[in-house]
Amino acid sequence: MTDLPQPSNNHSPSEPGNAGKPRRWSSRYAFLMTSIGAAVGLGNLWRFPFQAGENGGSAFVFVYLVCIVVVVYPVLMAELAIGRRMGLSAVGSTKEMAKAAGHSPWWGLVGFIGALATYLVLCIYGIISGRVLAFAVASFGGGFPESGGMPAIYDGPFRAFLWQSLFMIITTLIVLRGINKGIEGFTKIAMPAFFAMLVCLSVYALSTGGAEQTLTYLFSPRFDQLSPQVMLAAFGQAFFSVVVGGAAMLTIGAFLSKEANIAQDSLVISISDTMVAFIAGLMIFPIVFRFELDPAMGMGLIFTAMPMAFSDMPLGSIVGGMFFSLAFLGALTSSVTMLMLAAAVGEEQLKVGRKKSVLIFGCVAWLLGAASIFMPHLNEQIDFFSGQIMLPIGGILISVFAGWIAPKKWMREELSGLSDHAFSLWRMIMRYLAPILVGLVLVLGVWARIKT
């Protein structure tokens, strides 16, 4: 299609009072910090270590790396390319690109499904993030109960509701300030602080014992432990970690300048996210092995076993406070992007003002999260539906869209940093490999749920 209209990034929604001037990331550094902040979150700090612990350590890590390189990195490039090309919300970009290419506007459902999946994640994300914040305050305030129980400030559903509310208020206030003053202003400060704390805590953990066991556990080849369960867990974690399939990166790409090299920047984001996950393992597992904890404890490793270990450490209240503060920063840099994604859709598709859209979607996410605190079954259903059904479906659809619906000429122009051979390989992955592999994750995940 050589005569396709050329969309302009001037489609990007503008800040109120800026005479229609499109919003843009102020610099490459701001874009990278926001993108890495969106990818780096609780999935890296608590989900990666316990998934590795439950699924054979190094066998899991090996499959995880393969998934990042073969599928996640190419899909990340696709989302950024589509977002930048159209300069609209997730729904608007997929809908208008499909229309311009002569396809049905119903392809806008690709962006809608991804945006809805991410928004549902935000609804329950506030609960665990509020818990992380409460544990940080409790640790700095004197530690945790020696029995490993809940700290007093988080004991009971009402206190959990208060901490979830506080986290959602902070998230909403940041997004209300806009792209430049709010989100990138926060992430440009928060992400360097996050990386500094992560490195300091990892060095401390490795120096206090358990380093050799940790390195063997995470990186010693144990291919005999490879199984369909391990491969499924690793692939799901890779997709969950870099937030592809959920339209967040598509939205971030809408504010990206035409000068940016998407292939190169996607590589930086993927490597940074993977490094954080590995360093988090180097931070947590030395403590696990030193105190003879079970690395396969799952989520209890973070909220039960680790606090008990911090109680027995020299300066444990400070180390524990830094650990949970680190997790809080990671959670917040992700949540602001999730809310930005939903607000962008509301502003564009519902024709409401930016701040009104932020407040509406922030309040609804807060209310759904609050309801799931008092109805744990609702929390589990939202988590399963968003994480194991909608996000994989979003990944399949964005891959199909990039490979079959998006004009090849447009994608080649957006991914000009790739060689012709690399672009052909990328397109083959989008058309065939990514949909098949993500579809397999979806089917196996649902089948495992049915069996249990």
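Total residues in the stretch 257-298 satisfying the condition of being in contact (Cβ under 8 Å) with a residue 12 or more places away in the chain, of a type in the set (V, I, T) and under 22 Å from L201 (Cβ atoms): the figure is 6.
One line per residue, one yes/no per condition, for (1) of a type in the set (A, V, I, L, M, F, W, C); (2) crowded, with 21+ Cβ neighbours inside 10 Å:
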{"residue": "P74", "(1), (2)": "no, yes"}
{"residue": "M77", "(1), (2)": "yes, yes"}
{"residue": "S129", "(1), (2)": "no, yes"}
{"residue": "A138", "(1), (2)": "yes, yes"}
{"residue": "G142", "(1), (2)": "no, no"}
{"residue": "W163", "(1), (2)": "yes, yes"}
{"residue": "T171", "(1), (2)": "no, yes"}
{"residue": "L176", "(1), (2)": "yes, no"}
{"residue": "K181", "(1), (2)": "no, no"}
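Do we find that S147 is over 20 Å from the mean Cα position of the chain (by Cα), among the polar types (S, T, N, Q) and either in a helix (DSSP H, G or I) or modelled with pLDDT of 95 or more (or both) in this structure? So S147 fails the test.
The residue that is surrounded by the fewest Cβ atoms within 10 Å (Cβ to Cβ), counting only those in the stretch 26-50 that are over 14 Å from the mean Cα position of the chain (by Cα) and not in a helix (DSSP H, G or I), is S27.
Let's see how each residue does on (1) part of a helix (DSSP H, G or I); (2) farther than 22 Å from R47 by Cβ; (3) of a type in the set (D, E):
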position	(1), (2), (3)
Y217	yes, no, no
A234	yes, no, no
S257	no, yes, no
L267	yes, yes, no
A277	yes, no, no
L282	yes, no, no
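If you go through the stretch 284-334 and keep only what is under 20 Å from A160 (Cβ atoms) and either of a type in the set (D, E, K, R) or outside any helix (DSSP H, G or I) (or both), you end up with G298, M299.
Has the stretch 86-103 got at least one residue that is more than 30 Å from T216 (Cβ to Cβ), surrounded by 20 or more Cβ atoms within 10 Å (Cβ to Cβ), out of contact with any Leu (no Cβ under 7 Å at 6 or more places or on another chain) and without any contact (Cβ under 8 Å) to a residue 60 or more places away in the chain? So far as the stretch 86-103 goes, yes, one or more of its residues are more than 30 Å from T216 (Cβ to Cβ), surrounded by 20 or more Cβ atoms within 10 Å (Cβ to Cβ), out of contact with any Leu (no Cβ under 7 Å at 6 or more places or on another chain) and without any contact (Cβ under 8 Å) to a residue 60 or more places away in the chain. Note on the stretch 337-370: among residues that are in contact with an Asp or Glu (Cβ under 9 Å, 6 or more places away or on another chain) and free of Cβ contacts under 8 Å to residues at least 24 places away in the same chain, the one that is surrounded by the fewest Cβ atoms within 10 Å (Cβ to Cβ) is K356.
Note on the stretch 59-101: residues that are within 13 Å of F401 (Cα to Cα) and among the hydroxyl-bearing types (S, T, Y) amount to 2. Among all positions in the stretch 335-352, there is no residue which is under 23 Å from R449 (Cα atoms), among the hydrophobic types (A, V, I, L, M, F, W, C), assigned to a helix (DSSP H, G or I) and under 18 Å from the mean Cα position of the chain (by Cα). Inspect the stretch 293-309 for any residue being of a type in the set (D, E, K, R) and over 27 Å from F31 (Cβ atoms) and give the result as yes or no. Yes: the stretch 293-309 contains one or more residues that are of a type in the set (D, E, K, R) and over 27 Å from F31 (Cβ atoms). Each residue in the stretch 154-211 was checked for being free of Cβ contacts under 8 Å to residues at least 60 places away in the same chain and among the polar types (S, T, N, Q), and 1 pass. Counting only helices (runs of 4 or more DSSP H) that fall entirely inside the stretch 371-435 and contain at least 2 residues that are free of Cβ contacts under 8 Å to residues at least 12 places away in the same chain, under 23 Å from S241 (Cα atoms) and within 21 Å of the chain's Cα centre (by Cα), the qualifying elements are 376-384. The single residue among T208, T187 that is among the β-branched types (V, I, T) and closer than 12 Å to P286 by Cβ turns out to be T208. Restricting attention to the stretch 104-122, the residues that are farther than 25 Å from R24 by Cβ and in contact (Cβ under 8 Å) with a residue 24 or more places away in the chain add up to 7.
Quick one: is A233 at pLDDT 90 or above, out of contact with any strand residue (DSSP E or B) (no Cβ under 8 Å at 6 or more places or on another chain) and not basic (K, R)? Spelling it out, it is not the case that A233 is at pLDDT 90 or above, out of contact with any strand residue (DSSP E or B) (no Cβ under 8 Å at 6 or more places or on another chain) and not basic (K, R). Answer yes or no: is there a residue in the stretch 84-93 that is in contact with a strand residue (DSSP E or B) (Cβ under 8 Å, 6 or more places away or on another chain) and farther than 17 Å from K408 by Cα. Yes, that holds for at least one residue.
Out of curiosity, is I127 closer than 17 Å to L45 by Cβ, part of a helix (DSSP H, G or I) and among the β-branched types (V, I, T)? The answer is yes for I127. I'd like to check something: does the stretch 211-227 contain any residue that is buried (at least 23 other Cβ atoms within 10 Å of the Cβ), more than 24 Å from T337 (Cβ to Cβ) and in contact with a helix residue (DSSP H, G or I) (Cβ under 7 Å, 6 or more places away or on another chain)? Yes, some residue in the stretch 211-227 is buried (at least 23 other Cβ atoms within 10 Å of the Cβ), more than 24 Å from T337 (Cβ to Cβ) and in contact with a helix residue (DSSP H, G or I) (Cβ under 7 Å, 6 or more places away or on another chain).
The values are calculated or read from the model by the stated rules, or taken from the named source; none is laboratory data. Every value quoted in this text rests on a predicted model; they were computed, and no experiment measured them. Positions of Cβ are backbone-derived with ideal geometry, glycine not excepted, and every protein chain shown enters the neighbour counts.
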